[in-house]
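Student: I am attaching a structure below and will ask some questions about it afterwards.
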Amino acid sequence: MSRISGSYITSTTLSEPVRAFVPHALPPKNPKLSPQVWIERNDAAQMALQRLSAVAGLVPSVDWLLYSAIRQEALMTSQIEGTQASLVDLFDEEAGLAISNTDDVQEVTNYLRAFQWVQTQLRSPKGLPISVRMLSQAHRLLMDGVRGSGKQPGELRKSQNWIGGTRPGNAVFVPPPAKQVPVLLADLEKFIHTELTDLPPLVRVALVHAQFETIHPYLDGNGRMGRLLIAALLEHWQLLPEPLMYVSGYLKQHQSEYYRRLSAIRTDGDWEGWVQFFLEAVQHAATQSERAVVALASLVAHDRRRLLSHPKANAVSYRLFELLPTMPHLSVERVCEAVQTTFPTANAAVKLLEALGILSELTGQKKNRTFSYAAYVELLSRSSAKSG
């Protein structure tokens, strides 16, 4: 099935003529998206989300599930753009440990800040709705002090950008001219907030993400902002009670198909192929997250039982253990602060967990020692590797 999904405008950029693509407003028309295209995959993806929600509801603390899922999403979405950082780097940085690739880790932590700010807006009665204003403020946080920070953070672009190639004339794709961007985003905002649609929410998320990437409204950071928009819409349309799923894992593992499906919308009007690919990504990501929740819950429950049965276990060691999934790398000083106790008491709790094999010492030093909840970190790293 083919349709025309936009038009081309010839303009001059860097002294050469280029054909910039201007997408038609959503939803796709001539022909409309047929329910036959998405109905089965949409149902399967929604069922996977419902199972994930149900399993997460059985876990004693959702905080540590969120801690890991949000960081995995931040990591994967950044890695799609070439950022070289790992979960271990992220945990080290949060523990105040020295890391070598500070710039890459900063990009990941910036995504975390932007995501958490967006989530706060959506959950606050006085917060901003999903809008150009919200996205631009999140973009400012995303680009703060990292590569691309000189490219107008928080502002819609005022010049022509392009994707691939060394200049607009040999680019793989040239997004719409800058003067078209505000109107195109206003149309996109209208589509997000309209209630006059027969399209299910997940299909609308797919359409919005692709349209945002086609508009490419910023000079840098468009991929991460477009994927942040996916997470925001899952919350906005109440598809998940908490951000427990990291869909960027699937998109990273299938990166060439991800880009090819987006490109086919522009070249062939193939919205159907993109929607099916996106729904498959959601179903897969939700299923992987469900398995990860079960595995993490089993590990924590097993280790908790071992601690509780130890004769030297006390209130401080219990409190420390319950904090481990949200601070998997730590020092004794960090434990003092987290459980608000003295150094000797914190050190005794750490030693007990080390004796039980729950914590492992990382440095091999006598002083300034750091510890890891190694089995938990390994489980998270394995789950990242399987996310595609």
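Student: Say whether the condition of being modelled with pLDDT of 95 or more and under 23 Å from the mean Cα position of the chain (by Cα) is met by at least one residue in the stretch 24-42.
Tutor: Yes, the stretch 24-42 contains at least one residue that is modelled with pLDDT of 95 or more and under 23 Å from the mean Cα position of the chain (by Cα).
Student: So, one more: Which of (1) out of contact with any helix residue (DSSP H, G or I) (no Cβ under 9 Å at 6 or more places or on another chain); (2) among the small types (Gly, Ala, Ser); (3) in contact (Cβ under 8 Å) with a residue 60 or more places away in the chain does SER372 not meet, given it meets every other one?
Tutor: Going through (1) out of contact with any helix residue (DSSP H, G or I) (no Cβ under 9 Å at 6 or more places or on another chain); (2) among the small types (Gly, Ala, Ser); (3) in contact (Cβ under 8 Å) with a residue 60 or more places away in the chain one by one, SER372 breaks only (1).
Student: Sticking with this one: Would you point out which residue out of ASN222, ASN170 is within 23 Å of GLN79 (Cβ to Cβ), out of contact with any strand residue (DSSP E or B) (no Cβ under 8 Å at 6 or more places or on another chain), without any contact (Cβ under 8 Å) to a residue 40 or more places away in the chain and not β-branched (Val, Ile, Thr)? Step through it out loud before you land on a result.
Tutor: Details: ASN170 fails: within 23 Å of GLN79 (Cβ to Cβ).
Sole residue among the options that is within 23 Å of GLN79 (Cβ to Cβ), out of contact with any strand residue (DSSP E or B) (no Cβ under 8 Å at 6 or more places or on another chain), without any contact (Cβ under 8 Å) to a residue 40 or more places away in the chain and not β-branched (Val, Ile, Thr): ASN222.
Student: Just to check your reading of the model, which residue among THR77, THR120 is under 16 Å from LEU229 (Cα atoms), assigned to a helix (DSSP H, G or I) and in contact (Cβ under 8 Å) with a residue 40 or more places away in the chain?
Tutor: Among THR77, THR120, only THR77 is under 16 Å from LEU229 (Cα atoms), assigned to a helix (DSSP H, G or I) and in contact (Cβ under 8 Å) with a residue 40 or more places away in the chain.
Student: Which residue out of THR194, THR120 is in contact with a Gly (Cβ under 7 Å, 6 or more places away or on another chain), among the hydroxyl-bearing types (Ser, Thr, Tyr) and more than 20 Å from GLY223 (Cβ to Cβ)?
Tutor: When all the criteria are applied, what remains is THR120.
Student: When you scan the stretch 147-161, do you find a residue that is surrounded by 17 or more Cβ atoms within 10 Å (Cβ to Cβ), in a helix (DSSP H, G or I), over 14 Å from the mean Cα position of the chain (by Cα) and on the phi < 0 side of the Ramachandran plot, even just one?
Tutor: no
Student: Of all the residues that make up the stretch 193-206, how many are part of a helix (DSSP H, G or I) and either free of Cβ contacts under 8 Å to residues at least 24 places away in the same chain or crowded, with 21+ Cβ neighbours inside 10 Å (or both)?
Tutor: 4
Student: Considering the stretch 1-22 alone, what residues qualify as being of a type in the set (D, E, K, R) and modelled with pLDDT of 90 or more?
Tutor: ARG3, ARG19
Student: Evaluate the following for LEU49: is it exposed (fewer than 12 other Cβ atoms within 10 Å of the Cβ), touching a residue at least 40 places away in the same chain (Cβ under 8 Å) and farther than 22 Å from SER263 by Cβ? Show your work before the answer.
Tutor: Values: exposed (fewer than 12 other Cβ atoms within 10 Å of the Cβ): no; touching a residue at least 40 places away in the same chain (Cβ under 8 Å): yes; farther than 22 Å from SER263 by Cβ: yes.
Spelling it out, it is not the case that LEU49 is exposed (fewer than 12 other Cβ atoms within 10 Å of the Cβ), touching a residue at least 40 places away in the same chain (Cβ under 8 Å) and farther than 22 Å from SER263 by Cβ.
Student: Here is a further query. If you scan the stretch 20-46, which residues turn out to be over 18 Å from ALA210 (Cβ atoms) and surrounded by fewer than 12 Cβ atoms within 10 Å (Cβ to Cβ)? If you could, list the steps in order and put the result at the bottom.
Tutor: Step one: of the stretch 20-46, the residues over 18 Å from ALA210 (Cβ atoms) are 35-36, 39-40, 43-44, 46.
Hit for the stretch 20-46 is GLN36, nothing else.
Student: Here is a further query. Any chance you could count how many residues in the stretch 173-189 are touching a residue at least 60 places away in the same chain (Cβ under 8 Å), more than 17 Å from GLY221 (Cα to Cα) and either of a type outside the set (S, T, N, Q) or buried (at least 20 other Cβ atoms within 10 Å of the Cβ) (or both)?
Tutor: Looking only at that region, the number is 4.
Residues are listed down the side, and each one gets a yes or a no for (1) in a loop (DSSP other than H, G, I, E, B); (2) among the basic types (Lys, Arg); (3) surrounded by fewer than 20 Cβ atoms within 10 Å (Cβ to Cβ):
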{"site": "GLU337", "(1), (2), (3)": "no, no, yes"}
{"site": "ASN347", "(1), (2), (3)": "no, no, yes"}
{"site": "VAL350", "(1), (2), (3)": "no, no, no"}
{"site": "GLN365", "(1), (2), (3)": "yes, no, yes"}
{"site": "PHE371", "(1), (2), (3)": "no, no, no"}
{"site": "LEU380", "(1), (2), (3)": "no, no, no"}
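Student: While we're looking at this one, here's another question. When ASP92 is evaluated against the numbered criteria (1) buried (at least 19 other Cβ atoms within 10 Å of the Cβ); (2) assigned to a loop (DSSP other than H, G, I, E, B); (3) touching a His at 6+ places or on another chain (Cβ under 6 Å), which criterion, by number, is the only one it fails?
Tutor: Failing condition for ASP92: (2).
Student: Okay, moving on. Does THR287 fit the bill of being over 20 Å from GLY57 (Cα atoms) and either touching a residue at least 60 places away in the same chain (Cβ under 8 Å) or among the β-branched types (Val, Ile, Thr) (or both)?
Tutor: The answer is no for THR287.
The values are calculated or read from the model by the stated rules, or taken from the named source; none is laboratory data. No experiment lies behind these values; they were computed from the predicted model shown. Every residue, glycine among them, receives a Cβ derived from its backbone with ideal geometry; neighbour counts consider all protein chains shown.
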